[in-house]
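The values are calculated or read from the model by the stated rules, or taken from the named source; none is laboratory data. Keep in mind it's a predicted model, so treat the numbers as computed, not measured. Using ideal geometry, Cβ is built from the backbone for each residue, glycine included, and neighbour counts are taken over all protein chains shown.
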Amino acid sequence: MSISTQKFPLTTTAGTAGLSLGALYCALLLSLPLALTACPTDDGPADDEVGESTETETETESTDTETTTETTETESTETETTETETETTETGPAPIIYPDADVADYVRVDRMGWVGVNMIFIAAKDDFNQGDPVTDPVSSFSLQYLETETNILMALLDDLADLDLTACLLGACVVNMGLFPDSVLVTVASPPGFPNGRKLSDPVMDRLLSLMLLDQDEHPLDFFVGMLNPVANDVPFLDEFPYLGEPH
């Protein structure tokens, strides 16, 4: 058995209606752009609506941003205004208004001349505070002082003797201290310093004890300095007003 092979031509005969493969390929190429660009008529307006919506949202966001910026600027302006008003209001502390009452309407609540007199020697402190220094020598306060001074000196006589210290006589102690009237006196012809006035650096309590207890002809005024109390303030004094040491 024999098999015959029949070859088909790439082109049809001239009399046969048909297209060559080349013509079919060309027709396919020509129709492809049309297929890609051919869209329903509704798609065009849809694209436009999307574009318009996007633009609208963008404009809205832009408007919101501008509004936020304006609000921020307004708040900033209000803050500046408030600060300005505050600065204008703060003109310093309120002035001190002194009462215009008569001097006789005032009551003295405290007085301090010599260090320790009011604290150590006087029992009726309220009466002493309201008293007048001019009347101190003839008042009951002088008797309170003498009583307290006598009791202190008599209690320490043996101790002073054990330390080979010469105690002052009671009358001499009173003269040494010169407590009445209870006022700090300053004699400009004498060197300054307690008991002639008082400097901040003076060892006042040590000198007061020396005047109260010791014979000043036998012992110096500063005999107790360095034995009982600190010899200097814990912070230095200032060279200008108010001269006291810094708060600490």
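Some values worked out for this structure:
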quantity: Flag if Pro137 is outside any loop (DSSP other than H, G, I, E, B), out of contact with any strand residue (DSSP E or B) (no Cβ under 7 Å at 6 or more places or on another chain) and surrounded by fewer than 16 Cβ atoms within 10 Å (Cβ to Cβ); calculated: yes
quantity: Residue under evaluation Phe224, criteria (1) part of a loop (DSSP other than H, G, I, E, B); (2) out of contact with any Leu (no Cβ under 6 Å at 6 or more places or on another chain); (3) surrounded by 15 or more Cβ atoms within 10 Å (Cβ to Cβ), criterion not met; calculated: (2)
quantity: Top-ranked residue of the range 154-177 - restricted to ones that are modelled with pLDDT under 90 and part of a helix (DSSP H, G or I), ranked as surrounded by the fewest Cβ atoms within 10 Å (Cβ to Cβ); calculated: Gly171
quantity: Which numbered condition Leu185 fails, given (1) within 30 Å of Glu240 (Cβ to Cβ); (2) at pLDDT 90 or above; calculated: (2)
quantity: Every pair of residues 6+ apart whose Cβ atoms lie under 8 Å, when the first sits in the range 129-148 and is farther than 14 Å from Arg111 by Cα while the second is of a type in the set (D, E, K, R); calculated: Ser142/Asp136
quantity: Within the range 98-121, tally of residues that are outside any helix (DSSP H, G or I) and of a type in the set (A, V, I, L, M, F, W, C); calculated: 6
quantity: Selection within the range 203-220 - part of a loop (DSSP other than H, G, I, E, B) and surrounded by 18 or more Cβ atoms within 10 Å (Cβ to Cβ); calculated: Pro203
quantity: Boolean, Val225 is β-branched (Val, Ile, Thr), over 38 Å from the mean Cα position of the chain (by Cα) and under 23 Å from Phe128 (Cβ atoms); calculated: no
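Here's the yes/no breakdown for (1) acidic (Asp, Glu); (2) assigned by TED's automatic domain parsing to the domain that holds Arg198; (3) within 29 Å of Met227 (Cβ to Cβ):
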{"position": "Val115", "(1), (2), (3)": "no, yes, yes"}
{"position": "Ala124", "(1), (2), (3)": "no, yes, no"}
{"position": "Thr135", "(1), (2), (3)": "no, yes, no"}
{"position": "Ser142", "(1), (2), (3)": "no, yes, no"}
{"position": "Tyr145", "(1), (2), (3)": "no, yes, yes"}
{"position": "Met154", "(1), (2), (3)": "no, yes, yes"}
{"position": "Asp164", "(1), (2), (3)": "yes, yes, yes"}
{"position": "Leu169", "(1), (2), (3)": "no, yes, yes"}
{"position": "Phe180", "(1), (2), (3)": "no, yes, yes"}
